[in-house]
Amino acid sequence: MTGSDSAPDADASSDSDADTDTEPDRDDLDRLVTTLHDRLAATATRPVREDASRWLGEAEAVAGDLAVGPLPDDEVVRTRLGHVERLLSNVDGTEDEAADEHVASARAALADALAALGDGGDGGGDG
């Protein structure tokens, strides 16, 4: 008698789960943004080329704005990460192996953060 009554309950719980699927995991996104900033900040102590230093410094500043305090809404985060991505696209190399490793790590964190936002990593070219 009650066997058929349990199926609607399962559907009801899956409906409530659907609401949380649309928003990225904020803790994971916050961790990725912090990693991005930390890796960019680590390049500041390295002897990098002057042109690369300029781009890295600006990217660090933008990432730093996101890394302090609670994250703003997803569109703001996506826009700022897109700006960081454009800045880093100007860095071909730093002429310092450790700095290049920091930049690679920053780019990986950036790609993961954009993916967490549902942006396949293209930075949302409109910003």
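The values are calculated or read from the model by the stated rules, or taken from the named source; none is laboratory data. This structure is a prediction, so every number in the text was calculated from the model and none was measured. These area figures cover heavy atoms from the full protein model, side chains too; ligands, DNA and RNA do not enter into them. Shrake-Rupley method; radii C 1.70, N 1.55, O 1.52, S 1.80 Å.
Per-residue extension of 0.36 nm, minus the Cα-Cα distance of Ala115 and Arg86, leaves a gain of 8.8 nm for this segment. Full extension of the chain between Ser105 and Asp27 yields a length gain of 26.2 nm, computed as 0.36 nm times the residue separation minus the alpha carbon distance.
Stretching Asp65 away from Thr79 to a fully extended chain increases their span by 3.8 nm, per 0.36 nm per residue minus the current alpha-carbon distance. In the complete set of protein chains, residue-level accessible area for Leu32 is approximately 10 Å², probe 1.4 angstrom.
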